[in-house]
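Engineer: Structure incoming, see below.
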Amino acid sequence: MLKNRKGNPVIGWIHTNLGPLLGLLALCVVVTLMSDKFISKDNFLNILKSVSTNMMLACALTMVIILGLIDISVGSTVGLSGIVCATLIGSGKYPVWEVIMLCLVIGLCMGLVNGILIAYIKIPAFIATLATQNIGRGLCQVICDGAPVRCSEESFTKLGTTTIFGGVSITIVYSVFFVILICILMYRTKVGTYLYAIGGNELAAEYSGINVKVITMIPYLIGGFFAAFCGVIWTARLGSGSPTLGQNFELDAIAATALGGASMSGGIGRIGGTMIGVLMIGVINNGLNLINLNSFYQLIVKGLVVAISVIIDVMRKKRTLKI
């Protein structure tokens, strides 16, 4: 049995993520009983489309959480990238691809600032990313004077509204592509090994020759880049940029990583588990929408999900220490 798990990657993946998979299955059963509209191709595609950007953010955030750190600035980076993109493209003075590249650079800069503050200046991750979150959100308001910016350039909006293969949103393709890149980085390069080592014991990792500062910056750079890309895609989907775009995106990403089994104290977490956690969040949102429950309740549910997941993680650690 063990040999099969190691030899067959699918069986190994299922075994590793069995808990989150069972949770997702149980959740789907509950939502199906609540609404007969849940089991349909269009609804499944709608769920995948709705979680596509969160999938990218959550996978990047998983790398941060494996380090035992946090990043609450990704939502404001989404908003800042989106509002810059809408403002410049909406003006009609700049080529679309140049604006997109600029937005991605902005995301990298936000990630770089976070990485320097945390890895080199040693500011606690929560405080550092709270600062950049407020700066990013403030810049959103300043750039557009607090009002949405229309952006209807067809060559740009197609980047977020195109569908392929009979209704599959192009945003799903983006998500799959970037998740594959993250998986390669995490499980086919030394970076992933170093992340787990630092998250498990930073001092021991440093003594073993790992450049802790540089490795710590990598997840923040990736998170900033992914957040900026998500801001561009959301702006293309909506045909406008809003100063409030990206609010609570970090909550969804954190909830997904917690549901996927990542430990907030570091050293534990899998991209596969996070992917399942993202789908669980998507199913929860979709189910609440299908039964016409007020969207405010979704925040309550997500907050409870994070709290319960962290409680389970703490109890699991206590049980391990007793053993």
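Since every read-out is calculated from the coordinates, none of them should be taken as a lab result. Computed from a predicted model, the values in this text were never measured in an experiment. Quick reminder, even Gly has a Cβ in these numbers, built from the backbone with ideal geometry, and neighbours come from all protein chains shown.
Engineer: Be a star and scan the stretch 98-113 for residues whose amide nitrogen sits under 16 Å from the point 7 Å along the Cα-to-Cβ vector of I135.
Structural biologist: 105-113
Engineer: Considering just Cα atoms, how many Å³ per residue does the convex hull of the stretch 32-87 enclose? Before the final figure, lay out the partial values.
Structural biologist: Numbers: hull volume 7.7 nm³, N = 56.
So the per-residue Cα hull volume is 138 Å³.
Engineer: In square nanometres, what is one fourth of the surface area of the convex hull spanned by the alpha carbons of the stretch 1-100?
Structural biologist: 11.2 nm²
Engineer: Show that you can apply the helix-only estimate: for the chain, add -39,500 (n - 2.57) for every DSSP H stretch of four or more residues, divide by all residues, and state [θ] at 222 nm to the nearest 500.
Structural biologist: Numbers: 15 runs with 243 residues, N = 323.
Dividing the helical sum by the residues of the chain leaves -25000 deg cm²/dmol.
Engineer: For Y194, what charge total do you get from the other residues with a beta carbon under 12 Å from its beta carbon, if Lys and Arg give +1 and Asp and Glu give -1? Walk me through the intermediate numbers first.
Structural biologist: Working: positive: K190, K213; negative: E202, E206.
Neighbour charge sum, excluding Y194 itself: 0.
Engineer: May I have the count of lysine pairs in the chain with C-alpha atoms under 22 Å apart, counting pairs 8 or more residues apart or located on different chains? Working shown, then result.
Structural biologist: Details: K6/K190; K37/K49; K41/K49; K49/K158; K49/K302; K93/K158; K122/K213; K190/K213.
Lysine pairs satisfying the spacing and distance rule in the chain number 8.
Engineer: Dividing the convex hull volume of the Cα atoms of the stretch 210-323 by its residue count, what figure in Å³ per residue is obtained?
Structural biologist: Working: hull volume 15.7 nm³, N = 114.
Normalising the Cα hull of the stretch 210-323 by residue number yields 138 Å³.
Engineer: Using a Gaussian network for the chain with springs between C-alpha atoms less than 10 Å apart, which of these wobbles most: S152, S309, S208?
Structural biologist: Of the options given, S208 has the highest mean-square fluctuation.
Engineer: Also, I was wondering about something else. For the stretch 10-25, just list the computed ³J(HN,Hα) in residue order, Karplus coefficients 6.51, -1.76 and 1.60, θ = phi - 60°, integers in Hz, with x standing in for Gly and Pro.
Structural biologist: Result, rounded to whole Hz: 5, 5, x, 5, 5, 5, 5, 10, 4, x, x, 5, 5, x, 5, 4.
Engineer: Moving on. Please report the equivalent ellipsoid semi-axes of the chain, computed as sqrt(5 x eigenvalue) of the Cα gyration tensor, largest first, in whole Å.
Structural biologist: Working: eigenvalues 188, 138, 67 Å².
Listed largest to smallest, the semi-axes of the chain are 31, 26, 18 Å.
Engineer: Share of Cα-Cα pairs in the stretch 55-138 beyond 22 Å, in percent?
Structural biologist: Numbers: 1031 of 3486 pairs.
So the pairs more than 22 Å apart make up 30 percent of the total in the stretch 55-138.
Engineer: Right, another one. Any chance you could check the Cα centroid distance between the stretch 164-201 and the stretch 277-302 for me, in angstrom?
Structural biologist: 25 Å
Engineer: Now for a different question. Can you compute the modelled spin-label distance between V30 and R188, with each label point 7 Å from Cα toward Cβ, in nm?
Structural biologist: Roughly 3.7 nm, to one decimal.
Engineer: Which residue, G223, G199, G12, has the most motion in a Gaussian network model of the chain that connects Cα atoms within less than 10 Å?
Structural biologist: G12
Engineer: Starting from the Kirkwood radius over alpha-carbon pairs of the stretch 246-294, derive D by Stokes-Einstein at 37 °C in a medium of 0.692 mPa s and give it in µm² s⁻¹. Intermediate results must be reported in sequence, preceding the final value.
Structural biologist: On the way: Rh = 11.4 Å.
In µm²/s, the coefficient is 288.
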